[in-house]
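Below: the structure, in structure tokens.
Rule-based calculations on the coordinates, nothing more; no lab input. Because the structure is predicted, anything quoted here is derived from the model rather than measured. A quick note on method: Cβ atoms are made from the backbone with ideal geometry, for glycine too, and the neighbour counts reach across all protein chains shown.
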Amino acid sequence: MIETVSNAWTERLARAATLKMGGSALLAFYPMSGRQAEACVVRVTLSLCANLGLELRESRLSNGDPVGAIANKLVPPSSSTVA
């Protein structure tokens, strides 16, 4: 855990440390309550991340195509296509 003055600094420090150690970083969050997160976080984003992670793990375990599996999850339903 790191303690910073703002979410921007949390993101900068966490990303730099993660990349320096050879990892990859998507995002880091400044600590907040559930009520604050509900007001600030884009709806279904966290659920989408969790579901994509599950899809990735399941695809790898079955020796499938993880990129294709995730891409299929991200394709919008045909009823919501944009012209």
Please list, by residue number, every one of the trypsin sites (Lys or Arg not before Pro) in segment 41-71 that is coil in DSSP and has at most 10 other beta-carbon atoms within 10 Å.
ARG43
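Across segment 1-73, how large is the tail of the calculated P(r) beyond 14 Å, expressed as a percent of all Cα pairs? Can you show the working numbers first?
Details: 1857 of 2628 pairs.
Within segment 1-73, distances greater than 14 Å cover 71 percent of Cα pairs.
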